[in-house]
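Every number in this text was worked out from the coordinates using simple rules, so none of it is lab data. Note that the structure is predicted; figures quoted are calculated from it, not measured. Cβ atoms come from the backbone with ideal geometry, glycine included; neighbour counts cover every protein chain shown.
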Amino acid sequence: MIAAWRGQVRPKPLFFLQGARMNDRAPGVFGNESSACGVRPLSGSSTSIAALVGHLEAGEPRRIMTWSEFNENTSMADEGGRAADSGGARSPYLADAVSGWFANGGGACWIVGAGQDGSVAGYEAALASLDPEVNIVVTPDLWEGGDDGAAIARILARNCAAAPNRMALLHTAKDADAAAVPKLLGLNEEEAQYTTVYYPWLSVSGVSQGESRLIPPCGHVAGTWARTDAERGDDKALAHVALRRGTRLQRRLTAAEQGELNHMGVNCLRAFPGQGTLIWGARTLSQDSDWRYLYVRRLAGHLTASISSETRWAAFERNDERLRAAVRANVTSFLMSKWRTGALLGKNPEDSFHVICDESNNPPQTAQKSLAIHVGFAALRSAELMSIDIVHQHPAE
């Protein structure tokens with residue numbers, strides 16, 4: 001159904017949705033008798049379904065709901081909390097990442113194996129197998145393959161940039177020069193918009209024997225994203241939020257060090273007396289001011305995925321003013337709910353968003369083939385709207 005998903009900046013089309021062909025229907029189904037133009041409330045897509053990809057034997061991704069379920073489906077190795085599958089493949093940090101995910105408020109997630117050796121090809125296959133519902137991807141064993149880590153990160157960033165609502169949540173190598181990581185990854189601007197990096201590592205008690213060990217922060221941070229979304233909505237900047245489970249940092253950063261890394265787009269974890277360990281940055285690796293902030297990128301992805309998915313029915317209806325009025329009403333109602341909760345800025349709805357779905361962007365020469373929806377929304381400054389364009393292609397006659 002989905003032909004292509006791409007992120008751009010005003011006013012270029014962001015996403016395109018390909019309708020199913022009529023002659024692909026099951027035999028015996030000959031018509032669509034549903035009302036084309038009734039009120040169809042948009043419920044909004046999820047923002048907090050994670051996939052944790054590690055050095056386990058490749059196979060079907062497994063969807064789990066709790067830490068206990070992970071233990072039941074993944075036998076634990078004897079040393080330090082490493083996870084092992086039934087074939088004996090060991091993942092150095094997957095178990096700790098899953099533990100951190102659930103401890104910090106994460107819910108449903110997917111466990112995905114990239115093969116025992118964690119090769120570039122293994123990760124490429126693992127990412128290709130992700131369920132469409134996944135919108136956060138973490139790779140706790142990313143840097144265990146040495147120089148392959150940067151190549152794997154690029155594959156992950158490319159995968160997320162091609163999805164409607166997905167972010168790559170990365171970490172630096174254990175002893176890396178964090179300021180050099182963005183250059184090491186070598187992402188293009190589109191890939192950078194969908195990628196965020198955290199530093200430094202955490203010192204925690206191992207999930208198996210209880211000894212203290214250093215682990216990547218990605219699982220803990222991802223769980224915190226999920227908790228914040230559930231408690232405060234996906235418009236909350238994911239900074240100044242505490243990690244759970246008594247974590248300590250591999251090293252303490254000064255304000256000057258944090259400032260330098262923040263400028264590079266690397267998000268820092270910092271410890272403050274009486275406050276615990278806090279996420280102290282909320283940026284993507286993008287150098288574009290429109291997409292530099294993580295919550296803007298995630299909000300745009302959420303809006304695009306929600307509107308695209310829940311107006312898909314329009315691809316099967318005649319593109320006339322009656323249909324366009326119904327689409328405008330449904331999308332406007334959805335955006336109004338976002339404005340009321342504070343996800344969109346602006347003193348009034350007119351300053352906050354607009355929806356165009358009329359003859360101006362659906363002229364007669366294209367209306368028989370597609371339905372275009374243009375949405376502008378204020379995420380940072382009410383005086384300057386971001387925009388997304390969605391085009392539903394009509395099924396072939």
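Which FRET efficiency value, to the nearest 0.05, do you get for Ala242 and Glu60 by plugging their Cβ-Cβ distance into 1/(1 + (r/R0)^6) with R0 = 56 Å? It comes out at approximately 0.95.
Rg/Rh for the range 91-218 (Cα atoms only, Rh after Kirkwood) is 0.94.
Listed by chain and number, the lysines whose C-alpha is less than 29 Å from the C-alpha of Lys369, apart from same-chain residues fewer than 8 away, are Lys12. Quick check: from the Cα gyration tensor, does the range 249-397 come out rounded (a/c under 1.5), prolate or oblate? It comes out prolate by the Cα gyration axes.
Calculate, in nm to one decimal, what Asp358 and Lys183 gain on full extension: separation in residues at 0.36 nm each, minus their alpha carbon distance.
Working: separation 175, 0.36 × 175 = 63.00 nm, distance 4.41 nm.
Difference between extended and current length: 58.6 nm.
In this calculation the C-beta distance from Ser212 to Lys347 is compared with R0 = 56 Å, giving a FRET efficiency of 0.65. Here the Debye sum runs over all C-alpha atoms of the range 225-279 as equal scatterers in vacuum, and log10 of I(q)/I(0) at q = 0.12, 0.28 Å⁻¹ comes out as -0.31, -1.15.
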